[in-house]
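Taken together, the values in this text are just the output of simple stated rules run on the coordinates, not laboratory data. Given the structure is predicted, the values throughout are model-derived calculations rather than measurements.
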Amino acid sequence: MKRQMRSLTYRNLMAVIHKIESKGYDFEESGRLAWGVFAEFQNHPQGMSIEERVRRILTKDE
């Protein structure tokens, strides 16, 4: 069973950064986007999951 990310921990932040990096962003840009994903989730926890928010980030080419 895959665990869901719900809180901002170092492990979760790094996992999100690596997922965003795989879309073509560098580490610095990925870090900023990851912080934004967690901040958005904290403001609206009943909306999309963190994983869904990361999936909706476009690749760098798009």
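Data table
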| quantity | calculated |
| --- | --- |
| Length gained when the stretch residue 55-residue 26 is fully extended (0.36 nm per residue, less Cα-Cα span) | 8.8 nm |
| Integer Hz, Karplus 6.51/-1.76/1.60 couplings in order for region 23-40, x for Gly and Pro | 8, x, 8, 7, 4, 5, 5, 4, x, 5, 5, 5, 4, x, 4, 5, 5, 5 |
| Angle between the chain longest axis and helix 10-21 axis [Cα atoms, degrees, rounded to 10] | 40 |
| Kirkwood Rh (inverse of mean 1/r, distinct Cα pairs), the chain, angstrom | 11.7 |
